[in-house]
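Since the structure comes first, as C-alpha cells, the remarks are kept for the end.
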C-alpha cells in the first residue's frame, strides 16, 4: 500500500506570494491533518479535514487555509507569504477522524520564503 | 493547554548500549500517545502507538510504556545501532480537536 505523498517536495517563494501544497493520503484513509514544523516552534497543528469538511483548526492566521476533495486528497494554501512561513509542512492521514486513530505522515514539503 | 516535554534534548551513546528516552505530558486526558522517528529533512515515521487504555507496546528492539496517571512515557531502545541515529518525537493525541501535540524531540546519535 502506498504511503502518504506530498507535492511538491521543495518550494521557493518570495514574500507576498501565495502557495498551494498538495497531500494524497493512504488509500482508504479519509482524514488528513496538516502540521507546520519550524526549528523554533517545533511541530504545530494547522487543521484537519475529514469527508471534505474542516473538522478542527489550530492557532494559525486566516492566511492558512485548506480544502479536501471527494477522493480525500487535500490541499493547503498560504496567502501573502511572510518570511516566518518558511518551514517543513507535513500532512498526516488516518482512516477516520476519531481520537484513537494512528496518524501516518508524508515526507513533507519544504517551503522557503525569501 | 497540553504541553509535552522530552528529556534529554540530545543523547550520544556507543553502539550496543540500551537506552531510554523520556516524554512527559501535562494533561492526562489523552486518546493515545505515539512515538515517531525523524531523519534530517525527512517526514515522520511512526514507531509505536499506545492507546490510553494500554500500558506498553513493543516492536522489535523498541518498547514504549505509558503511565497516563503520572503523564509519562518512555521509549526503550535495546542494543542500539548507528542506524538508530535520528530525532525521536513523542506526541499525545487529545482534546476536542483530536490534534497531536508534539514534544521538541530527542536527538539520538549512536556512535560506531
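Odds and ends about this structure:
- Residue with peak Gaussian network fluctuation, chain A [Cα springs, cutoff 10 Å], from A:46, A:88, A:11: A:11
- Chain B, relative contact order [Cα under 8 Å, separation at least 6], %: 37 percent
- For the options B:80, B:46, B:12, a Gaussian network treatment of chain B with springs between C-alpha atoms closer than 10 Å singles out B:12 as fluctuating the most.
- Nitroxide proxy distance, nm - points 7 Å out along Cα→Cβ at residue A:20 and residue A:83: 2.9 nm
- Residue with peak Gaussian network fluctuation, chain A [Cα springs, cutoff 10 Å], from A:17, A:41, A:68: A:41
- Likely footprinting exposure, B:99, B:1, B:68, fewest C-beta neighbours within 10 Å first: B:1, B:68, B:99
- FRET efficiency for the pair residue A:13 and residue B:10, taken as 1/(1 + (r/R0)^6) with r the Cβ-Cβ distance and R0 = 30 Å, rounds to 0.40.
- Percent of Cα pairs exceeding the 21 Å cut-off, where the set is chain A: 29 percent
- Order of B:88, B:76 under a 10 Å beta carbon neighbour criterion, fewest first: B:76, B:88
- Residue A:55 versus residue A:112: modelled label distance in nm, points set 7 Å from Cα along the beta carbon direction: 3.6 nm
- Tensor-based shape of the stretch A:2-45 (alpha-carbon gyration tensor, a/c under 1.5 rounded, otherwise prolate or oblate): oblate
Since every read-out is calculated from the coordinates, none of them should be taken as a lab result. Since the structure is predicted, the reported quantities are computational estimates derived from the model, not experimental observations. Glycine gets a Cβ as well: all are built from the backbone with ideal geometry, and neighbour counts include every protein chain shown.
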